[in-house]
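Trainee: Attaching a single structure in structure tokens format; questions to follow.
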Amino acid sequence: HADEQVICTNCNIDLPRTNFSRQPYDNEMAKSFWGRIPIEKAAALFYYQSHAPASKIIYELKYHNHPEVGKTMGRMMAEELKATSFFDGIDLIVPIPLSRKKERQRCYNQSDWIAWGISEATGIPTDTTSVVRTKSNPSQTTLDHRQRRENVRDIFAVRHPESLEGR
């Protein structure tokens with residue numbers, strides 16, 4: 001199986017899954033957006049803890065030139081969520097852009113690759129051009145939750161909003 005080459009079966013089994021798909025409207029991730037932006041549902045495949053074995057997957061994706069990890073993770077997440085009504089009403093996947101500097105360093109945007117994996121598993125198209133980053137911001141790796149929210153305030157814009165109307 002192609003995904004086995006990217007994430008071994010034992011690693012997959014040991015991922016600390018969130019099971020947010022069981023309550024996509026009322027989970028830790030969704031609640032973190034409440035009162036800040038309109039959100040209908042949210043999910044994450046697994047909990048992230050710095051230096052935990054599962055964190056190696058994220059490090060490979062972000063820092064070791066393995067974009068295929070993102071596509072595999074997107075496919076895995078989509079396959080698990082397809083058993084629920086999570087994708088009902090979703091007609092477009094819009095990954096969040098990296099800063100130009102970060103994308104030049106990595107040669108890819110990991111969000112694009114995750115989105116492409118979800119798209120591949122669901123048939124929902126991906127739009128990588130409508131949301132743009134209007135300014136760069138410092139790395140978030142050392143920031144707490146409040147600082148992270150402030151760090152991304154007003155740094156994105158929608159290009160050609162009419163093309164997204166009703167979607």
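The values are calculated or read from the model by the stated rules, or taken from the named source; none is laboratory data. Nothing here was measured: the structure is a model prediction, and the numbers come from that model. Don't worry about glycine lacking a Cβ; one is built from the backbone with ideal geometry, like all the others, and counts go over all protein chains shown. SASA here: full protein model, heavy atoms, side chains in, ligands and nucleic acids out. Shrake-Rupley method; radii C 1.70, N 1.55, O 1.52, S 1.80 Å.
Trainee: Considering only segment 21-47, state which residues are modelled with pLDDT under 85 and outside any loop (DSSP other than H, G, I, E, B).
Mentor: Across segment 21-47, the qualifying residues are SER21, ARG22, SER32, PHE33.
Trainee: Same structure again: Output the residues belonging to segment 18-34 that are in contact (Cβ under 8 Å) with a residue 60 or more places away in the chain and charged (D, E, K, R).
Mentor: ARG22
Trainee: Can you find a residue in segment 154-162 that is under 18 Å from the mean Cα position of the chain (by Cα), of a type in the set (Lys, Arg), farther than 27 Å from GLN23 by Cβ and modelled with pLDDT of 85 or more?
Mentor: no
Trainee: Which residue, of GLY117, GLY89, GLY74, is assigned to a loop (DSSP other than H, G, I, E, B), within 19 Å of PRO24 (Cβ to Cβ) and out of contact with any Asp or Glu (no Cβ under 6 Å at 6 or more places or on another chain)? Quick ask: steps written out before the conclusion?
Mentor: Details: GLY117 fails: assigned to a loop (DSSP other than H, G, I, E, B); GLY74 fails: assigned to a loop (DSSP other than H, G, I, E, B).
Of the residues listed, the single one that is assigned to a loop (DSSP other than H, G, I, E, B), within 19 Å of PRO24 (Cβ to Cβ) and out of contact with any Asp or Glu (no Cβ under 6 Å at 6 or more places or on another chain) is GLY89.
Per-residue answers, yes or no, for (1) open to solvent by less than 50 Å² (accessible area, probe 1.4 Å); (2) closer than 22 Å to PHE46 by Cα:
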| site | (1), (2) |
| --- | --- |
| GLU80 | no, yes |
| PHE86 | yes, yes |
| PRO95 | yes, yes |
| SER99 | yes, no |
| GLN110 | yes, yes |
| ALA115 | yes, yes |
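Trainee: Within segment 2-20, track down each residue that is modelled with pLDDT of 80 or more and open to solvent by less than 50 Å² (accessible area, probe 1.4 Å).
Mentor: LEU15, THR18, PHE20
Trainee: Here's another thing I want to ask about it. Considering only segment 121-143, I want to know if a residue exists there that is assigned to a helix (DSSP H, G or I), open to solvent by less than 50 Å² (accessible area, probe 1.4 Å), at pLDDT 90 or above and under 19 Å from GLY70 (Cβ atoms).
Mentor: The answer is yes; a qualifying residue exists.
Trainee: Also: Right, PRO53: open to solvent by less than 30 Å² (accessible area, probe 1.4 Å) and in contact with an Asp or Glu (Cβ under 9 Å, 6 or more places away or on another chain) or not?
Mentor: Answer is no for this residue.
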